[in-house]
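First the structure, in the form of structure tokens, and then the observations on it.
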Amino acid sequence: QVVLVESGGGSVQAGGSLRLSCAASGDTYRIACMGWFRQAPGKEREGVAALDRFGDGPNYVDSVKGRFTMSRDGAKNMWYLQMNNLRPEDTAMYYCAADNWQCTTAIQAPPPPYSFWGQGTQVTVSS
């Protein structure tokens, strides 16, 4: 089993920055794809960024390109989402997720069903 815990959310004003972190534990050898997803109230879950351990990605949803940067630290079993120039429309619950081998890093709608999920961290951006 893989356990994911994300952190780093908070409340910022438009134009501000946050860095989200995801820490994986347990059977981390199962992780091939890593991603960040978000879900705003009343809206469907959206893939934000994803990469894999083999060098594919990071891929981003169009709305965050140039503003968000995803990275990973394989030795620490962690991955990150640096969010700059935040906008009110970025307000959502953000989840880190991971998937087994033969997964996809494609950003698509609906998002692919990643196997492992964190509990979520709230990001609120005020105008």
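The values are calculated or read from the model by the stated rules, or taken from the named source; none is laboratory data. From a predicted model like this one, the values you see are computed outputs, not experimental measurements. In this analysis, Cβ positions are derived from the backbone assuming ideal geometry, glycine residues included, and neighbour counts consider all displayed protein chains. Protein only, heavy atoms only, side chains kept; ligands, DNA and RNA dropped before computing areas. Shrake-Rupley method; radii C 1.70, N 1.55, O 1.52, S 1.80 Å.
Between 29, 80, 94, 114, which is without any contact (Cβ under 8 Å) to a residue 12 or more places away in the chain and within 22 Å of residue 2 (Cβ to Cβ)? Before you say what the answer is, go through the steps one by one.
Numbers: 80 fails: without any contact (Cβ under 8 Å) to a residue 12 or more places away in the chain; 94 fails: without any contact (Cβ under 8 Å) to a residue 12 or more places away in the chain; 114 fails: without any contact (Cβ under 8 Å) to a residue 12 or more places away in the chain.
Result of the check over 29, 80, 94, 114: 29.
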| task | Give me a count of the residues in the stretch 24-50 that are of a type in the set (A, V, I, L, M, F, W, C), surrounded by fewer than 20 Cβ atoms within 10 Å (Cβ to Cβ) and within 17 Å of residue 101 (Cα to Cα). | result | 1
| field | Failed item, numbered, when residue 74 is tested on (1) under 21 Å from residue 10 (Cα atoms); (2) open to solvent by less than 50 Å² (accessible area, probe 1.4 Å) | value | (1)
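Report those strands (runs of 3 or more DSSP E) wholly inside the stretch 18-102 carrying at least 2 residues which are within 16 Å of residue 118 (Cα to Cα) and of a type outside the set (Phe, Trp, Tyr).
On the way: elements: 18-26, 33-39, 46-52, 68-73, 78-83, 92-99.
Where strands (runs of 3 or more DSSP E) fall fully within the stretch 18-102 and carry at least 2 residues being within 16 Å of residue 118 (Cα to Cα) and of a type outside the set (Phe, Trp, Tyr), they are 18-26, 33-39, 46-52, 78-83, 92-99.
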| message | Exactly one condition in (1) farther than 18 Å from residue 19 by Cα; (2) modelled with pLDDT under 95; (3) of a type in the set (Gly, Ala, Ser) is false for residue 74; which is it? | response | (1)
| request: Could you list, in sequence order, all residues of the stretch 1-23 that are under 14 Å from residue 93 (Cα atoms), among the small types (Gly, Ala, Ser) and open to solvent by less than 70 Å² (accessible area, probe 1.4 Å)? | output: 7, 8, 9, 10, 21
